[in-house]
Amino acid sequence: MTDQTDYTPVAAQLPSRRAARDTILGLTRKDFGLLTVVIALTMLAPFLLNPFPSNSAMAQFNAGYPDLMQRFVIFGIFAIGFNILFGLTGYLSFGHAAFLGVGSYSCVWMFKLLGYNVLPGILLAIVVSGLFALLIGYISLRRSGIYFSILTLAFAQMSFALAYSVLSNPSFNLTNGETGLQVYTNDPQWLQGDGPRAPHIFGLAMRETETLSVGAWNFQFNAGYYLCAVVMIICFYLSVRLFRSPFGMMLRAVKSNQQRLNYTGVNARPYTLAAFVISGMYAGLAGGLLSAMDPLAGAERMQWTASGEVVLMTILGGAGTLIGPVLGAGFIKYFENIFSKINESTLHAWFAFLPDGLEDALVAIVYPFVGKGWHLTLGLLFMLVVIFLPGGLVQGGNKMATIFRRDRKGGGVEDDAAAQRQAGE
Amino acid sequence: MEAFLLQILNGLDKGSAYALIALGLTLIFGTLGVVNFAHGALFMLGAFVAVTMSRLLQLSHKASEPSGTDFLGNPRYEDVLYVQDIFGAELGQTLVDWAVPVSILVAIPVMLLIGFVMERGLIKHFYKRPHADQILVTFGLAIVIQEVIKYFYGANPIPTPAPDAFRGSFDFGVLLGFDPNTIIYPYWRLVYFFFAAIIIAAVFAFLQFTTFGMVVRAGMADRETVGLLGIDIDRRFTIMFGIAAAVAGLAGVMYTPINPPNYHMGMDFLVLSFVVVVVGGMGSLPGAVLAGFLLGILESFASTTWATTAVPGINQIIIYLVAIAVLLTRPRGLMGRRGVMEE
């Protein structure tokens, strides 16, 4: 991280920001275009993710069911938040799942105490995880590099142990241990009144789903999904603004050369701490939404493998880019839910057109990589991305685009960020 | 006093495992400057070398028994182990019984080879990349190794017993003049501790008393100068990576009777071993060993009933608490060297 030579990307962004006077919602034209694309994609997701008729053999690749779509956008929020810390400042936190877990628990506690309206729960999730991030960040950010990673990892593992066993003793049961925190009928729920007995927002239940049937296609429109989608769009907009703000520039400066920043008399700690708290709040928000969709919070959400997952998402999509983390989150969740369902008989059905011996051989080769073995594919893919494409899928996409474009100038909105990550290291 | 001793003894076996893994991590970090998140996977691979060995030794074929036929008139068969064919019945049986110690002989070359391949094939390309990238790529590698093992061996723990002679426990208290049955300690854990002590001593002796070790130490202190003296330091560091892998593998081999290996045991140990390395001081070999044993013993003290009643669950968080306290008060760790990993 103490790279002496490369500071051009940071400096190069300054004029481009100043030059763009004509802004929409405080965004440059390019950024606004990106935002429009994200809005269109999330709003039309029920159509886009259901390309196959529901009775066809390919129907298992449809991802347009509420549960999975909710996960796409919720983990998108989580990854956007993580990217604010890692993508901008270069501090690699291996304990971000702790904030997700804290957010989940706070939201369920609001259900238990106040009632099933999701709004107080989500707000509390953001506040509590923000405070928690302030505490952990204040301590962890005293160190950098590998020490920071280990410290956050240690804190997250500690929070996991606390949630899993320590804070679930009978006298002081905050987390309900292995069972997971959930709402019971004898909980107070002071403001519940006679609203729906499931998470809702002002009467509109989260599980409310409208199904639109067009021929053989069934498109599902879920209230919970659209709530999450709107929240994610707001989060995305905020992160774009943050990326383009002077504050975002300071964070990038921390990443490209913290030493030089210190020598110029700038104290980097408040900036990194602010980034840490913001990304912790994003994680808490994601956790709160997870609980709002399904009012059950378990400690396994805080385990360090969960922290590793968000790292995977961000790197895979493209750390430091705007859209990358969202893509990465969608990619991994799709893999986890769809790819893992492919079993041996499905494979046999696919390769049925081949001669028998060849079919068996092909199935034997492919099988370890799909179904239960999807983690293997994920691990390999992740390694390939880290080795060859430090800018993630976004950088890959840009490279492809440059190859096919005539002028070969590049110039996509994400180019600079992806290129910066590669050049900066 | 007895209880005190017992807790120290209980901490030793876990502490030995921490110390061995942390030693390897520190060797890699000190020589190559690489943060190896796949080191836990190497520990796990070692354990699975033992599993494979014990399975291989138990391969058998059917042989007709001379005693004749069963009540339906079919010839009787009995299972005969291949090892018994080769080495004779008695020695073959002993080999099967001693599968875990025997696998040490196999594990050393296998793990050295894995270490070389890993370093030459992957890690080599990451020297110039930031630590974050090294963490990420080795993290990915760890996932891949885990999943490959899971594919071949399944997800369940595989019990691999210690040799008959070392099963059961041993009344340690009598030896030290306490009442009988106060300090009972399983034989194998004692073996594990001595084994770890020997390996650690061997690594230190190798670095301290051989010319090769001297060059490596010089390279750890100032790689560039050693290179300028015309010594191929890269090749030596590759060998050190192999040795670190072998140390982790051996720790895994000998750990199988204590804890049946499963595919994610490496990750479980890795997180704690990293904490151990950081507490001991990045780049300090004695620090890693010291911190390994200290934290192992501390963990076992925190698991006693009086500790868990005083602070419920303290045994689960004690290591992390200590790590945080150490990092904040002594940022370099207990015995960290100046100038290692300081930006």
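Rule-based calculations on the coordinates, nothing more; no lab input. Computed from a predicted model, the values in this text were never measured in an experiment. Because the Cβ atoms are built from the backbone with ideal geometry, glycine has one as well, and the counts that use them run over all protein chains shown.
Summarise the partner chain shielding of B:145-157 as one whole number: the mean count of Cβ atoms from other chains within 10 Å of each residue's Cβ. Each step should come with its number before you reach the end.
Values: counts 2, 3, 11, 4, 0, 5, 7, 1, 0, 0, 1, 0, 0.
Average per residue, whole number: 3.
Please state, as a whole number in µm²/s, the translational diffusion coefficient that the Stokes-Einstein equation yields for the stretch B:271-328 at 37 °C and 0.692 mPa s, with Rh defined as the Kirkwood radius across alpha carbon pairs. Walk me through the numbers before you get to the answer.
Values: Rh = 11.5 Å.
Diffusion coefficient, whole number: 284 µm²/s.
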Task: Within the stretch A:324-346: backbone nitrogen closer than 19 Å to the A:Leu380 label point (7 Å, Cα to C-beta) - done: A:331-346
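From other protein chains only, count the Cβ atoms within 10 Å of every residue's Cβ in A:158-164, then give the mean. Show your work: numbers first, answer last.
On the way: counts 8, 2, 3, 8, 4, 0, 2.
Mean partner shielding for this stretch: 4.
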TODO: Can you give me the P(r) profile for the protein assembly as shown? Cα pairs, bins 20 angstrom wide beginning at 0, each as a whole percent.
DONE: 15, 45, 32, 8, 0
TODO: Jot down the radius of gyration and Dmax of chain B, Cα atoms only, both in angstrom.
DONE: 22.7, 81
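Hey, what's the Cα Rg ratio for the stretch B:190-343 versus the globular rule of thumb, 2.2 N^0.38 Å? All intermediate terms of the calculation are to be shown ahead of the outcome.
Values: Rg = 17.9 Å, N = 154, 2.2 N^0.38 = 14.9 Å.
Relative to the 2.2 N^0.38 Å estimate, the stretch B:190-343 comes out at 1.20.
To the nearest 20 debye, what is the magnitude of the charge dipole of the stretch A:8-302 about its Cα centre, counting +1 on the Cβ of each Lys and Arg and -1 on the Cβ of each Asp and Glu? Please report the intermediate quantities before stating the final value.
On the way: 18 positive and 10 negative charges, 296 e Å.
Once rounded to the nearest 20, the dipole reads 1420 debye.
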Task: Evaluated at q = 0.07, 0.08 Å⁻¹: base-10 log I(q)/I(0), Debye formula over Cα of the stretch A:8-302 - done: -0.32, -0.41
Task: Pair A:Leu48, B:Arg223: separation of 7 Å Cα→Cβ label points (nm) - done: 4.4 nm
Open item on the list: If R₀ is 60 angstrom, what is the calculated FRET efficiency for the pair A:Arg29 and A:Glu300, using the beta carbon separation as r and rounding to 0.05?
Closed with: 0.85
Task: Contour minus Cα-Cα distance for A:Asn55 and A:Ala401 (0.36 nm per residue) - done: 121.0 nm
Task: Estimated vicinal HN-Hα couplings, Hz - the stretch A:146-153 in sequence order (Karplus 6.51, -1.76, 1.60; Gly, Pro = x) - done: 4, 4, 4, 4, 5, 4, 5, 4
Task: Spin-label model distance (nm) - A:Arg269 vs A:Thr36, 7 Å beyond Cα toward Cβ - done: 4.6 nm
